[in-house]
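Undergrad: Encoded as structure tokens, here's the structure I'll be asking about.
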Amino acid sequence: MQNEAIFQKSAWRAIFSLSIPSLISIAVMMLYNMADMYFVGWIGDYAQVAAVSLAMPVYSILMAISTMIGNGGCTKIAQALGQHNEQQVRSYSALCVWSSILFGILFAVFCFLFCTPLLKFLGANEEMWDYTRSYLLILAAGAPAILLNHSIGGALRGEGEIKAGMLGGMLATFANILLDPLFIIVLKLGVSGAAIATVLGNVIALIYYFLYKAKSKTRCIIEVRPSYAHDIKALGGVLALGLPNAISSILSGFAGTFSNQILVGYGTQAVAAMAAAGKAIMLVTMIQMGICMGIQPLLAYCYGGNDYAKLKEILQKVLFLTVGVGMVLTFFIYFGREWVIGLFIKDSAVISLGAHLVTYQIVMGPFIGIYYLATNFLQASGNAPGASVASALRQGLLLIPLLYLLNGLHGLEGLAAAYPAADGVSVVVTGILAIYYYRKIAAGSCDKT
């Protein structure tokens, strides 16, 4: 198939061919993720900024479902390409489409039926209640479109259609950024306008994907015929390989909820400050994640084609790349932390608090790419249990208990320090796990089923 040629380039060329579009997509995703808070911050009401933060854990669950489908489909499609199995490529692509629609509808129904208990669980107080509710319900109504957009993007990466997936993500983001000031500021809809812009951005990206499909000469791209989506066992394989990403996003959402529940005790300003600090740290972590996610289909292709020499070479080169990038980004965020926080918050006291919290959270910035590389390698090589354990460690088994423990010992500063503490242990454990599994692969003792 012509679209697998990108996987057959030399190691550095393949890495940059895949990671640069992924980094562009991640940069666009960061703008997408930050746009709502940025434009809501223009209003000058930090209760609305806090409301966006409170709703983010539920949005993280929605993203967990999309990454479970999209990244699982990406891995399976890339493996099938490595094995030159076009029928399986079509099947996995169709499963991504139809499972996204189904899960999106179920997610929307759940949010509308259980909105009140959900808001209580998220920690919304009277000051933030109506803002959080409106933002949440509008996102829920658009859940099928949001899921379909992200999972199609993942499936396209697996097919080697990197540029198309990147452009779709860019369209969604730039549409959101352009629509945000219109709905939030001009029409004075506040957080509701932010949610409307997010949903419409995803709809515009979907229109692009299907127009691209209509004009594309590639045979397997975005298979929508239901007849290819009937293999429940294949869907199980997609969801199993996407599960590590889902676990990470879901546990991140829960950790965010528990963190917000603690932060509410310190006041609305503390919620807003931690939310802005989290956006600053995202600039470091998501770029490293983008590099590693970008080369995941390449790792899966090499694994599916038994090219272990190239697999090792890619892992070594990406390790060097991601640590170097992490160091540069950490330096930039640390010394520019007040400026970055000021993008989202206009209150000087909240900016000062957010900048202080960043100094704790940035500690593991240079090394978090090791965690993402190890997790993506485990996933690409079909080790769903290992990748799931790695994901559960960082955002759940370690972070959630540490939030309560360190908050109890050191207050708000301890709460911020819980994040790098969980990251540090996760980097060590996942690194060891990835090395162990690679040695098993190289020795030929892993069963490819």
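Undergrad: Condition (residue is modelled with pLDDT under 75, farther than 30 Å from VAL389 by Cβ, small (Gly, Ala, Ser) and assigned to a loop (DSSP other than H, G, I, E, B)) applied to the range 229-251: is it met by at least one residue?
TA: No, because not a single residue in the range 229-251 is modelled with pLDDT under 75, farther than 30 Å from VAL389 by Cβ, small (Gly, Ala, Ser) and assigned to a loop (DSSP other than H, G, I, E, B).
Undergrad: Among ALA55, ALA51, which is in contact with a Leu (Cβ under 8 Å, 6 or more places away or on another chain) and either surrounded by 24 or more Cβ atoms within 10 Å (Cβ to Cβ) or of a type in the set (A, V, I, L, M) (or both)? Talk me through it step by step, then tell me what you get.
TA: Working: ALA51 fails: in contact with a Leu (Cβ under 8 Å, 6 or more places away or on another chain).
From the options ALA55, ALA51, the qualifying one is ALA55.
Undergrad: Which of the following residues is modelled with pLDDT of 80 or more and part of a helix (DSSP H, G or I): TYR266, TYR209?
TA: Working: TYR266 fails: part of a helix (DSSP H, G or I).
Answer to the selection: TYR209.
Undergrad: Give the range 308-355 a look and list any residue that's without any contact (Cβ under 8 Å) to a residue 12 or more places away in the chain and within 21 Å of LEU263 (Cα to Cα), or say none.
TA: Within the range 308-355, GLY342, SER348 meet the criteria.
Undergrad: Still on this structure, I have one more. List the helices (runs of 4 or more DSSP H) that sit entirely inside the range 298-401 and contain at least 2 residues that are among the small types (Gly, Ala, Ser). Walk me through it before giving the result.
TA: On the way: elements: 308-335, 337-342, 348-361, 368-380, 384-392.
Passing ranges, in order: 308-335, 348-361, 368-380, 384-392.
Undergrad: Okay, next question. Can you tell me which residue in the range 341-350 is farthest from PHE39 (Cα to Cα), limited to those that are surrounded by fewer than 22 Cβ atoms within 10 Å (Cβ to Cβ) and of a type in the set (A, V, I, L, M)? If you could, list the steps in order and put the result at the bottom.
TA: So in the range 341-350, the residues surrounded by fewer than 22 Cβ atoms within 10 Å (Cβ to Cβ) come out as 342-343, 346-349.
The next check asks that each one be of a type in the set (A, V, I, L, M); those that pass are 343, 349.
Details: LEU343: 9, ALA349: 19 Å.
The selected residue is ALA349.
Undergrad: With respect to ILE345, is the statement that it is out of contact with any Gly (no Cβ under 9 Å at 6 or more places or on another chain) and β-branched (Val, Ile, Thr) true? Outline the logic, then answer.
TA: Values: out of contact with any Gly (no Cβ under 9 Å at 6 or more places or on another chain): no; β-branched (Val, Ile, Thr): yes.
No.
Per-residue answers, yes or no, for (1) farther than 21 Å from LEU239 by Cβ; (2) polar (S, T, N, Q); (3) within 19 Å of the chain's Cα centre (by Cα):
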{"position": "PRO144", "(1), (2), (3)": "no, no, yes"}
{"position": "VAL186", "(1), (2), (3)": "yes, no, no"}
{"position": "ALA195", "(1), (2), (3)": "yes, no, yes"}
{"position": "ARG225", "(1), (2), (3)": "no, no, no"}
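Undergrad: Inspect the range 279-289 for any residue being farther than 30 Å from ALA442 by Cβ, surrounded by fewer than 17 Cβ atoms within 10 Å (Cβ to Cβ) and at pLDDT 80 or above and give the result as yes or no.
TA: As a first pass, look at the range 279-289 and keep what is farther than 30 Å from ALA442 by Cβ: 279-284, 286.
Of the ones still in play, those that are also surrounded by fewer than 17 Cβ atoms within 10 Å (Cβ to Cβ) are none.
The answer is no; no qualifying residue exists.
Undergrad: Still on this structure, I have one more. Yes or no: LEU298 closer than 27 Å to ALA50 by Cα and either among the aliphatic types (A, V, I, L, M) or touching a helix residue (DSSP H, G or I) at 6+ places or on another chain (Cβ under 6 Å) (or both)?
TA: On the way: closer than 27 Å to ALA50 by Cα: no; either among the aliphatic types (A, V, I, L, M) or touching a helix residue (DSSP H, G or I) at 6+ places or on another chain (Cβ under 6 Å) (or both): yes.
No, not satisfied.
Undergrad: From the list LEU405, LEU373, LEU399, LEU409, which residue is within 17 Å of the chain's Cα centre (by Cα) and either closer than 17 Å to GLY73 by Cβ or modelled with pLDDT of 80 or more (or both)? Step through it out loud before you land on a result.
TA: On the way: LEU405 fails: within 17 Å of the chain's Cα centre (by Cα); LEU399 fails: within 17 Å of the chain's Cα centre (by Cα); LEU409 fails: within 17 Å of the chain's Cα centre (by Cα).
It is LEU373.
Undergrad: Exactly one of (1) in a helix (DSSP H, G or I); (2) surrounded by fewer than 24 Cβ atoms within 10 Å (Cβ to Cβ) is unmet by GLU127. Its number?
TA: So the condition that GLU127 fails would be (1).
The values are calculated or read from the model by the stated rules, or taken from the named source; none is laboratory data. Remember, it's a predicted structure, so these values are computed and weren't measured experimentally. Reconstructed Cβ throughout: ideal geometry from the backbone, glycine too, with neighbour counts over all protein chains shown.
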